[in-house]
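Below is one structure, written out as C-alpha cells; comments come after it.
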Amino acid sequence: MTAHSKKPMSRTIESHLEESRIYTPTAEFSKEARISSMTQYRKMYRESIDKPEIFWAREANELLWRQPWSDVLDWKPPFAKWFVGGKLNVAENCVDRHANGSRRNKAAIIFEGEPGDRRVITYGELQREVCRFANVLEKHGVKAKDRVLVYMPMIPEAAIAMLACARIGAVHNVVFGGFSADSIVDRLEDSGATMVITADGGWRRGKIVPLKENVDAALQRYDKVRKVIVHKRCGNEVSMNSNRDLWWHDEVQSCKSTHQAKAFDSEHPLFLLYTSGSTGKPKGILHTSGGYLTGTYSTFKYIFDIRENDIYWCTADVGWITGHSYIVYGPLANGATQLMYEGAPNQPDFGRFWKIIEDHGVSIFYTAPTAIRAFIKAGDHFPAAHDLSSLRLLGSVGEPINPEAWMWYQQKIGGGRCPIVDTWWQTETGAIMISPLPGCTPCKPGTATLPFFGVDAAILDEEGKECKANEGGKLVIRKPWPSMTRTIYGDKTRFRKTYWSDYPGIYTAGDGARRDKDGNFWIVGRIDDVLNVSGHRLGTAEVESALVAHPAVAESAVVGRPDELKGQGVCCFVTLKEGHDSSESLRRELREHVGRTIGAIAKPDDIYFAPALPKTRSGKIMRRLLKELVTTGEISGNVTTLDDIQVITHLQNCIKV
Ligand code: PRX
C-alpha cells in the first residue's frame, strides 16, 4: 500500500526513512498541558536521569502507601527492587482511593458491547464489584501469590477479576481470548494456576467466541484447577462441571460488597503475562506491585495528559500488556473515565469506532497502526460521517507507524488539531518508554521521539559503543526503571540470557533502531526471530513447532514478510514426510492446525511446500535467506555457508507457484 510498509521491516537494522515534516502542538494544547515546553521536559528529564530516586519517589508519593519505603531502589543487575520495604494495595489505589473520595460517582468504565448494549460503572460501583469478587476468590481458597488464569472477553468483569486478584495479592495471568486451548494449557502448566476465571463466550464480529468450551478442552489436560468461575455474557449453551464450575452471578450474590484490603510488599508479584520470544514456548513476564503501579500511573498522567473530564479509550484487549497498563492500572490509578468496547472495529462496518467516539464524546483515543491501516483501506467516508470534534489527543502503539498512516490519523481522525503520541514500549518494560509528551514534543511522522522521564535509552553497536546519529543499532535501556519486569517466571537464566547478556548491566529490548540528529528514536523492528503481526508478538519458533506437530510435516521454517495491513505476514516453508503430497487442502489444513494450536493471529499467510530447506553444513536452517526470498523475490545475500546450492533454485520455483 505505502512505500514504507512495502519496505522490509527487519531485513537490516538500518532505516532509510528521511522525514522532514515536523508537527508541534498547538499553543492552545500546550498552554493547558502538564509539560508545556521542551525546556521543562529537558529539565525534568535531566533530574530523572541524574537523581532517579528523587524523581520516582515524588511520583510514587502521589499514590497511597500503607507503609513508606526505606530505599527507592535496590539494583543488583539484572534484578531490581523498587520502593524497598514499602507496602501498598494496588486495587485500593486504583479503586478505593477514588471511590472513598470525590470520584465516588464518577464513571470509571463506560462499556459498550459489540451488540450495542451499554453500561456505566462508577468508581463507587467498581469498588463494590471488586470487593464482592475478592470475597468470592477468598471463599474458594485463593490466597496471596496463588496464580489465577483469566480468559475473558473485553467486558468490565475482566478488569474486575484482575483487580480482585490484586486486592487479595493473587497473581493474575490474563490469556488473550483469541488464544487456543493449547495456549491455555501451556500457561496453566508454566504458572501452576489453581483457579480459572472465564465467560460463557464473548462477541466478536457478530459471532460468539466459545471461551468456556476452550477452557473445558484445556482442563482435560491439566488437573490442578480447583474452580472455574464463569461469567454469563452471551447466554450460549455451556457445560458446567458441578464439582468445579461456578456461575459468577451466583457467587457474587452471596458475597459482601465490602472487603478489607491487606497491604502487600512493593515487590509482591502482581501479574504474569506470557509473551513470545525467539526460542521455545512463550515466557511468563513477571511484574510486581509498587514499581509497576508507579510507572503506569506516571506515564499515563504525563503522556495522555489526563484531565478530570476526559473520556479516554484504548482499543487494545486486556489480554495484552497495553490492556493491563493502559486499560486497567494506569487509567484507574489516575481516576480517569474510560470507554471499554468489546468487539471488532468493523462490526457492523468500519464506522463503528467513529460512532463510539461521537456517541460517548471520547477525547483521548489510543489504537494501533494495523487498525489505522485497515481504516485507511476501508475509506475516508467512514470517519467523515461522524463528528469527531470531542477528540483532543491521539495515541499509537504496537509497531512502527508508517508516516502515511500517521498523516491520515492526524488529518482524518485528529482533524489536524490533535497531537499524536507514538508510544514505544514492551510487555517487559511494563510502561511506555519512548513517546512524545503531547504539550511540547515536536513530532515527525513515524518516530516515537524521545525517552520518557527516567528512561536512559540508547542505541549501541555490536561493541557496545553508542551509535552516531542515523546509524542503526540495538535499542537498549541503560538504567533500571520502576515498571521493568523482574524476571521470567521460574527461569532466571533465560531472563539473564534474553535481556541482559549483550552488554553487562544493560537491558536489550530486541529492537533495531536509529536516532536522528534531533535525538528522536526511529524503531525499525525486531532483530530476533520474533514477528510483529498486527502489533502482536509471535515467535517464529512457536509456529514452527506447531507445524512440525502435524503428522504430514517433516520440517518447517517460518519467517516474516512485509504485509500492507498487518505489518508482517506469517510465511511458512514446509517439507513433507514421505508419503504425503502437497495440495491445496493440506495447505488449508495446516493453516487451521496452527490456528487451533496457537490462536487465530498465528494462522500462516503463506505456506510453501519446499523439497528441502536451506541449511548450513552443520544443519542450521538459514532463515535469513528465506526472509530475503519472500521479501525481494530473490536471494542475493551471502550463500557461501549454504550446504546445497540447488536448494535455492527449488525455493525460488516454489514461491512462484
Ligand atoms: O518491536 C516493538 C514493537 O512491539 C514490541 C513489543 O511487543 P509487546 O511486548 O507485545 O508490546 C506491544 C505493546 C506495547 C516492541 O519490541 N512496538 C511496540 N510499540 C511500538 C513498537 N515499535 C515501534 N513503535 C512503537 N510505538
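The values are calculated or read from the model by the stated rules, or taken from the named source; none is laboratory data. These figures come from a predicted structure and were not determined experimentally. Cβ atoms come from the backbone with ideal geometry, glycine included; neighbour counts cover every protein chain shown.
General observations
- Subset of the stretch 422-431 [more than 20 Å from PHE79 (Cα to Cα) and either touching a residue at least 40 places away in the same chain (Cβ under 8 Å) or away from the ligand (no atom under 11 Å from the Cβ) (or both)]: THR423, TRP424
- Residue in the stretch 274-287 that is of a type in the set (Val, Ile, Thr), out of contact with any Leu (no Cβ under 6 Å at 6 or more places or on another chain) and surrounded by fewer than 24 Cβ atoms within 10 Å (Cβ to Cβ) present: yes
- Restricting ARG417, ARG392, ARG373 to residues that are charged (D, E, K, R) and within 23 Å of the chain's Cα centre (by Cα) narrows the list to ARG373.
- Residue match in the stretch 404-419 (condition: under 17 Å from ILE523 (Cα atoms), touching a residue at least 40 places away in the same chain (Cβ under 8 Å) and surrounded by 20 or more Cβ atoms within 10 Å (Cβ to Cβ)): yes
- Evaluated against (1) surrounded by fewer than 21 Cβ atoms within 10 Å (Cβ to Cβ); (2) more than 15 Å from the ligand (Cβ to nearest atom); (3) of a type outside the set (Val, Ile, Thr), LEU547 falls short on exactly one condition, (1).
- Filter result for PRO369 (closer than 27 Å to LYS207 by Cβ, within 13 Å of the ligand (Cβ to nearest atom) and either in contact (Cβ under 8 Å) with a residue 60 or more places away in the chain or out of contact with any helix residue (DSSP H, G or I) (no Cβ under 9 Å at 6 or more places or on another chain) (or both)): yes
- The set of residues in the stretch 489-524 being out of contact with any Leu (no Cβ under 7 Å at 6 or more places or on another chain) and either within 26 Å of SER180 (Cβ to Cβ) or polar (S, T, N, Q) (or both) consists of GLY490, ASP491, THR493, ARG494, THR498, SER501, THR508, GLY510.
- Just so you know, in the stretch 234-260 the residues that are hydroxyl-bearing (Ser, Thr, Tyr) and out of contact with any strand residue (DSSP E or B) (no Cβ under 9 Å at 6 or more places or on another chain) include one that is surrounded by the fewest Cβ atoms within 10 Å (Cβ to Cβ), and it is SER242.
- Taken as a whole, the condition of being free of Cβ contacts under 8 Å to residues at least 60 places away in the same chain, out of contact with any Ser or Thr (no Cβ under 7 Å at 6 or more places or on another chain) and within 16 Å of the ligand (Cβ to nearest atom) applies to LEU475.
- Taken over the stretch 192-222, the criterion of being surrounded by fewer than 19 Cβ atoms within 10 Å (Cβ to Cβ), within 23 Å of THR275 (Cα to Cα) and among the small types (Gly, Ala, Ser) is satisfied by GLY192, ALA217.
- Failed item, numbered, when GLU578 is tested on (1) in contact with a strand residue (DSSP E or B) (Cβ under 6 Å, 6 or more places away or on another chain); (2) more than 10 Å from the ligand (Cβ to nearest atom): (1)
- Test: GLU428 is among the charged types (D, E, K, R), buried (at least 20 other Cβ atoms within 10 Å of the Cβ), within 19 Å of ASN532 (Cβ to Cβ) and at pLDDT 95 or above: yes
- Considering (1) buried (at least 24 other Cβ atoms within 10 Å of the Cβ); (2) within 30 Å of ALA344 (Cβ to Cβ); (3) among the hydrophobic types (A, V, I, L, M, F, W, C), the lone condition that ALA134 does not fulfil carries the number (2).
- Test for GLY595: is it away from the ligand (no atom under 16 Å from the Cβ), of a type in the set (Gly, Ala, Ser) and under 22 Å from the mean Cα position of the chain (by Cα): yes
- Some residue of the stretch 66-87 being free of Cβ contacts under 8 Å to residues at least 40 places away in the same chain, within 30 Å of THR449 (Cβ to Cβ) and in contact with a Lys or Arg (Cβ under 9 Å, 6 or more places away or on another chain): no
- Considering the stretch 218-333, the qualifying helices (runs of 4 or more DSSP H), each wholly inside and each with 2 or more residues that are more than 14 Å from the ligand (Cβ to nearest atom), farther than 30 Å from VAL362 by Cα and over 26 Å from the mean Cα position of the chain (by Cα), run over 248-253.
- Restricting the stretch 448-471 to residues that are small (Gly, Ala, Ser) and in contact with a Phe, Trp or Tyr (Cβ under 9 Å, 6 or more places away or on another chain), the residue that is surrounded by the fewest Cβ atoms within 10 Å (Cβ to Cβ) is GLY464.
- Residue count for the stretch 383-402 under the criterion of being in a helix (DSSP H, G or I) and surrounded by fewer than 19 Cβ atoms within 10 Å (Cβ to Cβ): the result is 1.
- Test: residue in the stretch 450-461 that is charged (D, E, K, R) and over 23 Å from TYR23 (Cα atoms): yes
Residues are listed down the side, and each one gets a yes or a no for (1) over 18 Å from LEU219 (Cβ atoms); (2) part of a loop (DSSP other than H, G, I, E, B); (3) of a type in the set (Gly, Ala, Ser):
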{"position": "ARG128", "(1), (2), (3)": "yes, no, no"}
{"position": "CYS131", "(1), (2), (3)": "yes, no, no"}
{"position": "LYS143", "(1), (2), (3)": "yes, yes, no"}
{"position": "MET162", "(1), (2), (3)": "yes, no, no"}
{"position": "ARG167", "(1), (2), (3)": "yes, no, no"}
{"position": "ASN173", "(1), (2), (3)": "no, no, no"}
{"position": "SER183", "(1), (2), (3)": "no, no, yes"}
